[in-house]
Amino acid sequence: GAVVSQHPSRVICKSGTSVKIECRSLDFQATTMFWYRQFPKQSLMLMATSNEGSKATYEQGVEKDKFLINHASLTLSTLTVTSAHPEDSSFYICSASVGRGGAMETQYFGPGTRLLVL
Amino acid sequence: GQNIDQPTEMTATEGAIVQINCTYQTSGFNGLFWYQQHAGEAPTFLSYNVLDGLEEKGRFSSFLSRSKGYSYLLLKELQMKDSASYLCAVGNQGGKLIFGQGTELSVKP
C-alpha cells in the first residue's frame, strides 16, 4: 500500500515554456501532498504544502506565481512550472500523507520527475 | 533556526555494521524519520522515532535521544544493495519534513 506515482518521469523542454507534473496517490486518499526539489548531490528542499480543496502554502523563497500547485482531488496534485528557465532544471519529487497537518503522518514519495530546461 | 547535520559520506564493508549519525536543532519536533534514496530515485521510508530509544526493524535499527537532539541509523549485515544515500528528516509543524543533506553510503566487497 501507500503508492504514489508521478508523471512524467522525465521531461525536456525549451526555455520559456510551461511544464505540468502530476502526482497521484494510487491506493489511498491523500489530504496533504508536498512538493520538493532536489539538486544534484543535495537534499530535498520543501517547496510547498498542498491540501485538497485549499490554496497551497509555499516555503519562503519559492515563487507561487512561477510554481503553480493545484490539489483538485484527494488523489491528485499538480505542479506547473511556468516560463521555465535552465536554472529550474532539477529533480522534482512529490509526497503524500493522510494527515491534515498537526499530526505527524509518514510521507510516501513519488518516483520523481527529472526536468531539464534547455 | 533549523539545522540537521549528518556525515556527507561513509564507506563500509559487505557484511559489516555501520552507524549513521544525525544531530538536529529545530524550532519544533514531531518525530524523526530516516529514508533511503538510491541515485535518481525517490526516497523510501525506513523508520520513524518519536520517543527516546531504539526501534529495530530487521537489519535496520534507529535510535533517538530527544534531549540530545541526536539520532542514528544502524545497518547490520551490510549488503551491496545498501549502497545509497540515507536521509535524516525531522517532522515539524503542519506535518512538514526538514531534511538533512544526506549521507552517501558506499558498501565495498
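Observations on the model:
- Among the residues of the range A:2-29, those identified as in a strand (DSSP E or B), hydrophobic (A, V, I, L, M, F, W, C) and either within 11 Å of chain B (Cβ to nearest Cβ) or under 27 Å from B:Gln101 (Cβ atoms) (or both) are A:Val4, A:Val11, A:Val19, A:Ile21, A:Cys23.
- Complete set of residues in the range A:30-44 that are among the basic types (Lys, Arg) and assigned to a loop (DSSP other than H, G, I, E, B): A:Lys41
- One residue stands out in the range B:62-75 among those that are surrounded by 15 or more Cβ atoms within 10 Å (Cβ to Cβ) and in contact with a Gly (Cβ under 9 Å, 6 or more places away or on another chain): the one that is farthest from B:Gln19 (Cα to Cα), namely B:Leu64.
- Residue tally, condition within 14 Å of another protein chain (Cβ to nearest Cβ), in a strand (DSSP E or B) and either free of Cβ contacts under 8 Å to residues at least 24 places away in the same chain or in contact with a Pro (Cβ under 9 Å, 6 or more places away or on another chain) (or both), over the range B:60-103: 5
Here is a yes/no grid of residues against (1) surrounded by fewer than 19 Cβ atoms within 10 Å (Cβ to Cβ); (2) at pLDDT below 95:
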position: A:Ala30; (1), (2): no, yes
position: A:Pro40; (1), (2): yes, yes
position: A:Lys55; (1), (2): yes, yes
position: A:Val81; (1), (2): no, no
position: A:Ala84; (1), (2): no, no
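- Strands (runs of 3 or more DSSP E) within the range A:45-118 that include 1 or more residues at the interface with chain B (Cβ under 10 Å from one of its Cβ atoms) and of a type outside the set (Val, Ile, Thr): A:45-51, A:90-97, A:113-117
The values are calculated or read from the model by the stated rules, or taken from the named source; none is laboratory data. Here the structure is a predicted model, which is why all the values come from computation and not from measurement. We place every Cβ from the backbone using ideal geometry, glycine too, and count neighbours over all the protein chains shown.
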